[in-house]
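Sharing a structure below in structure tokens format, with a few things to ask.
The values are calculated or read from the model by the stated rules, or taken from the named source; none is laboratory data. Note that the coordinates shown come from a computational prediction; the quantities given were computed from them, not determined experimentally. Note that each Cβ is placed from the backbone with ideal geometry, even for glycine, and that neighbours are counted across all protein chains shown.
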Amino acid sequence: MSVLVLGGSAVVPSLLLLWYVYARDKNPEPRGMLLKTFLLGAFICVPVVPVAMLLQEMGQGMMGDMWGSAFAKGVLGAALPEEFFKFLVLRAYVWRKHHFDEPLDGVVYGATASLGFATLENILYVGQHGLEVAVLRAITAVPSHAFIGVVMGAFVGRARFAEPLARAGLLWTGLGAAILLHGAYDVFLFAGSGYALLAVVVLVIQVRWGRRLYKELQAEQVVMSPAMAGPVLAGSVVMAEGVGPSQVLLEGNPEPMAALRVGEPPVSSARRSQPERTVWSWIKLLMGGVSLSFCGLWWLGVAAVIFFPDSSGDALSTAGQVGLIFFSTLSTLLCGAIFRSGLRGPFAPVSG
């Protein structure tokens, strides 16, 4: 029973975040590609461990004071090797796939690889430290990995469709930003004392920056997609020969719309196509996500009761099993409906 509950508490948060990222993509990626990227993200734990140990050993000379020790553990022993191998998943594997056909895909695959890594890391931590650590990591470390992956993926997505001269700069910026965000978070945690509270500030920065980049790339996705741009733009979209996904020609406008830079605001029409969520929408997302997390744990308990009954008590009758499964199914469907409703809105009225 305890093994099932701990395993579920380690895996469910990552799967919910992955569902959230996947559901918001207007042109969803193939599930097979997402699964392979997720598994590759988990697999890189194998090379990360020896590299992290080697780098941390090289930083032994910094262990003399609090900040030096925190830097050696947080940056050399965690941020640098982990983000480098996540970057390799994007650059060496995802980059070459024909499914990677728009900048937003970098965000989706970046978050997927990061959550694959976070899932296996979570299992190892939770197996060692218990349910309390699982709850804490579900609201801190797992979202941190996800949004760092979003930031890195945004720059990789831009680089994939950028001019060759700008490509290297965007790739290095994405990797550097991920290492900086991850390193700052871990350094404050390892510093301990009151400084650990600053890790929460870094987490907020990660979430806000990641959401901002995601929304900008979503807005550009609407502009670049002929099927979705019709109701939004005054003119219809025409894809000219030789024009890639990052350039779009509008009828009546002979000048191509240059690809938006990361961090720059998209055009006004694209902004209007991505209205802000209302508070009620966020409440539904939060309620649905938390409820589904508990449902995942509940189902593990149900499986334990049915298939691994406690030898000290009486086994549950067939009628009891059917009733338990029926009740659990209804509860899960309700929680899933709340979460899905939150994904769909409502959104604030659009001005202009």
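Residue 167 fails exactly one of the following numbered conditions: (1) of a type in the set (Lys, Arg); (2) crowded, with 24+ Cβ neighbours inside 10 Å; (3) more than 21 Å from residue 32 (Cβ to Cβ). What is the number of that condition?
Failing condition for residue 167: (2).
Let me ask you something else. Identify the residue in segment 94-124 that is surrounded by 24 or more Cβ atoms within 10 Å (Cβ to Cβ) and among the aromatic types (Phe, Trp, Tyr) and, among all such residues, is farthest from residue 11 (Cα to Cα).
Here the answer is 109.
Working only within segment 19-39, note down all residues that are in a helix (DSSP H, G or I) and under 15 Å from the mean Cα position of the chain (by Cα). Quick ask: steps written out before the conclusion?
Initial filter on segment 19-39 (in a helix (DSSP H, G or I)): 19-23, 31-39.
Matches in segment 19-39: 19, 20, 21, 22, 23, 34, 35, 37, 38, 39.
Please list, ordered by residue number, the helices (runs of 4 or more DSSP H) wholly in segment 100-183 having 2 or more residues that are among the polar types (S, T, N, Q).
Of the helices (runs of 4 or more DSSP H) lying wholly inside segment 100-183, those with at least 2 residues that are among the polar types (S, T, N, Q) span 103-129.
Also, I was wondering about something else. Can you tell which of 218, 206 is modelled with pLDDT under 90 and assigned to a helix (DSSP H, G or I)?
Of 218, 206, the one residue that is modelled with pLDDT under 90 and assigned to a helix (DSSP H, G or I) is 218.
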